[in-house]
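A quick write-up on the structure given underneath.
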Amino acid sequence: MPDEIILKVEQLTKRFGGVTAVDQISFQLRKGEFLGVIGPNGSGKTTLINLISGFVKPTSGKIAYRDKDITGKAPYTIACLGISRSFQMVRTFHKLPAFKNLIVPLYSPRVKKFGGGKYGERDDIAIDLLDDLGFERDSAVPYKMAGSLPHGYLKRLDLARCMALRPDLLILDELFSGMAMSEVAATLPVIEKFNREGLTIVMAEHRLKELFRVANRVIVLNFGQKIADGTPKEAMNREEVQKAYLGTEVEG
Amino acid sequence: MAEAVRYRRERIDRGIKARSDTIYTLASYRDMLYLLLPRILPVAMLLCLPLLLGGSYWGKVIFYACIFALLALSWDFMASVGLVSLGQALFFGIGSYVAGGLNFYLKWPMFLTIPAATLGGALICTILLVPVVRLRGVYFSMVTLILPLLFAHLIETLEILGGTYGLLSLTPFPNHWLAVYIAILAVMLVLFGFRKLINEDFGLVLRGIRDDDRVVMAGGINIYWYKAQAIFIASAVGCFAGALMTHYYQFVGRSAFALDYTILPLAGAVVGGPGSFAGATLGTFILVPLSEALRALGGLRMALYGIILIGALAVLPEGIFHYIERKYHQVERDIGI
Ligand SMILES: Nc1ncnc2c1ncn2[C@@H]1O[C@H](COP(=O)(O)OP(=O)(O)OP(=O)(O)O)[C@@H](O)[C@H]1O
Ligand SMILES: [Mg+2]
């Protein structure tokens with residue numbers, strides 16, 4: 001079924017005290033889609049991702065993943081269903097070698113269920129995953145302490161951690177922020193390949209030019225509300241979107 | 001005028017450490033010795049000490065040191081999951097009372113009460129602490145601090161389990177040697193077991209929870225289930241120590257929940273250097289004899305003990321073990337400049 005709905009968000013709202021970070025947002029995501037989520041700073045992108053991945057409990061509204069209600073479920077339960085998310089602020093285990101960072105998702109019930117992954121093999125799987133993302137296996141990089149790696153590497157390490165969970169839906173929160181141009185250029189095709197292989201991807205991004213190269217649909221947020229939903233071109237041509245971005249720098 | 005020769009002190013890491021973390025290329029007996037010495041020497045010393053000291057007062061102190069070392073290891077294990085416990089006395093007390101109760105009321109022999117207290121006690125402790133495992137930082141610590149005090153009061157006011165008098169005339173160990181060697185073997189087993197466990201994938205997950213529990217959750221791992229498992233393991237060790245002490249004393253009373261069993265292991269782990277298990281063991285093996293030696297000073301004992309503690313932390317904040325480890329792996333030499 002190519003048109004299977006993988007994610008359904010209905011009237012999702014999150015209030016932090018007086019701030020409505022996410023305001024009555026609804027959208028549906030079909031399997032294999034590549035959705036961009038854009039909007040000015042503080043428009044609610046991260047909060048939306050936190051809501052879907054279970055890190056923040058919604059004030060009201062509903063989230064369904066593959067016809068299963070996941071509203072308010074624990075983050076690890078949601079992760080085990082196949083939704084993997086990255087973090088805008090890099091979060092890695094600094095005191096562990098880079099490849100050991102991937103042991104945690106590889107140790108999860110979800111990955112154990114896929115078989116393999118016995119002790120020892122996990123290290124090999126981790127090295128394979130990192131190799132795909134530019135941590136060359138023959139170099140010292142995968143074995144270096146995560147804390148000693150440059151920021152761009154940590155972002156890719158986080159992406160590798162997401163992929164280690166063998167997700168069906170990948171949610172990336174500003175993966176490209178802090179990456180060098182060359183790193184972005186090298187990472188884009190990898191993400192595109194994941195999408196071509198059937199992975200559904202949601203990507204919150206400030207770097208619009210790069211995003212529009214891969215996303216076939218975007219939703220635009222402003223003050224927590226969805227103000228546009230469509231192809232990148234349609235969305236950017238809308239008056240509300242142009243007004244929202246007015247005065248804020250738009251890259252690309 | 002004579003020219004002053006200046007020297008600069010240079011520190012370099014020994015080569016063998018740099019080779020690999022897991023696979024050692026043993027080039028020579030010197031390398032082999034270099035690796036084995038720090039493991040074999042303390043083990044050999046620990047095994048010989050009771051023979052030298054016999055059943056004397058200091059022979060008993062070794063037994064106490066082992067008991068506190070087990071509690072310190074238990075504390076360090078919880079700390080490696082990010083659970084800062086102030087309640088090793090809870091584990092110790094529950095283990096003591098389960099062993100004592102089974103022996104006193106049901107007349108179970110020692111070789112049954114100790115395993116039963118270890119596993120059953122750990123189960124009780126885990127059930128008690130699981131509801132608060134979601135609490136963060138100091139709130140979790142507070143609960144662990146209060147629970148043992150609560151039990152001591154319950155036993156006193158409800159006059160259960162012997163009330164203020166405690167349970168007397170429990171089965172003793174056949175002799176001092178058996179007790180002391182069981183304790184020493186337990187310390188070594190737990191020490192090397194924990195050091196191995198924490199470096200396996202399971203241990204990696206536990207350390208991940210301490211460093212950043214959100215990343216672990218994003219990795220599909222139920223952190224509360226893993227914390228519960230860590231509490232079970234840590235409390236089993238603490239309960240075992242309590243059960244051992246109960247039969248050694250042939251008595252169990254409210255003092256099993258006393259603050260001493262919380263503070264001393266904690267101090268030992270911190271002074272020795274937390275996070276390595278060896279540090280916690282070393283720390284208690286220094287502090288327990290020290291606190292016994294200071295007994296002669298009477299009232300001044302606690303004050304002096306406190307000063308020594310603060311002094312140790314001020315001079316070696318990383319902990320004694322980490323300092324020794326670092327120095328062992330470095331060579332120093334003076335080079336002229
Ligand atoms: N935990 C929180 N407590 C209180 N307010 C919050 C919290 N998280 C987010 N907010 C508020 O919600 C709003 C949306 O924040 P959010 O981080 O989702 O925006 P964003 O689109 O991801 O921004 P950016 O592009 O800067 O990452 C902001 O006004 C923010 O201050
Ligand atoms: Mg954000």
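Here are a few things to note about the model shown:
- Positions within the range B:91-118 being farther than 23 Å from B:Asp260 by Cα and either surrounded by 13 or more Cβ atoms within 10 Å (Cβ to Cβ) or under 19 Å from the mean Cα position of the chain (by Cα) (or both), in sequence order: B:Leu102, B:Asn103, B:Phe104, B:Trp108, B:Met110, B:Leu112, B:Thr113, B:Pro115, B:Ala116
- Where a residue in the range B:216-235 is at the interface with chain A (Cβ under 7 Å from one of its Cβ atoms) and closer than 15 Å to B:Ala122 by Cα and its partner, wherever it lies, is open to solvent by 20 Å² or more (accessible area, probe 1.4 Å) and of a type outside the set (S, T, N, Q), with Cβ under 8 Å and at least six apart: none
- Test for A:Tyr65: is it within 10 Å of another protein chain (Cβ to nearest Cβ) and more than 16 Å from ligand 2 (Cβ to nearest atom): no
- For the range A:172-210, residues that are open to solvent by 50 Å² or more (accessible area, probe 1.4 Å), among the polar types (S, T, N, Q) and over 18 Å from A:His151 (Cβ atoms) total 0.
- Residue check, A:Leu81 away from ligand 2 (no atom under 16 Å from the Cβ), over 16 Å from A:Asp168 (Cβ atoms) and either touching a residue at least 24 places away in the same chain (Cβ under 8 Å) or open to solvent by 10 Å² or more (accessible area, probe 1.4 Å) (or both): no
- You will find that of A:Asp124, A:Asp138, the residue that is out of contact with any Asp or Glu (no Cβ under 7 Å at 6 or more places or on another chain), open to solvent by 30 Å² or more (accessible area, probe 1.4 Å) and not in a loop (DSSP other than H, G, I, E, B) is A:Asp124 and no other.
- Residue ID - modelled with the highest pLDDT, chosen from residues in the range A:84-101 that are more than 14 Å from ligand 2 (Cβ to nearest atom) and part of a strand (DSSP E or B): A:Ser84
Per-residue answers, yes or no, for (1) within 15 Å of the chain's Cα centre (by Cα); (2) more than 12 Å from chain B (Cβ to nearest Cβ):
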site: A:Val56; (1), (2): no, no
site: A:Gly61; (1), (2): no, yes
site: A:Pro75; (1), (2): yes, no
site: A:Phe87; (1), (2): yes, no
site: A:Val90; (1), (2): yes, no
site: A:His94; (1), (2): no, no
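- When A:Asp158 is tested against the conditions (1) touching a helix residue (DSSP H, G or I) at 6+ places or on another chain (Cβ under 8 Å); (2) crowded, with 20+ Cβ neighbours inside 10 Å; (3) part of a helix (DSSP H, G or I), the lone failure is (1).
- Residue check: B:Pro317 meets all listed conditions (1) part of a helix (DSSP H, G or I); (2) of a type outside the set (A, V, I, L, M); (3) open to solvent by 40 Å² or more (accessible area, probe 1.4 Å); (4) at pLDDT below 85 but one, namely (1).
- Among the residues of the range A:10-55, those identified as within 13 Å of ligand 2 (Cβ to nearest atom), β-branched (Val, Ile, Thr) and open to solvent by less than 30 Å² (accessible area, probe 1.4 Å) are A:Val22, A:Val37, A:Ile38, A:Thr47, A:Ile49.
The values are calculated or read from the model by the stated rules, or taken from the named source; none is laboratory data. Model, not experiment: these values are computed from the prediction. Backbone-built Cβ (ideal geometry, glycine too); neighbour counts: all protein chains shown. Heavy atoms of the whole protein, side chains included, go into the accessibility calculation; ligands, DNA and RNA do not. Shrake-Rupley method; radii C 1.70, N 1.55, O 1.52, S 1.80 Å.
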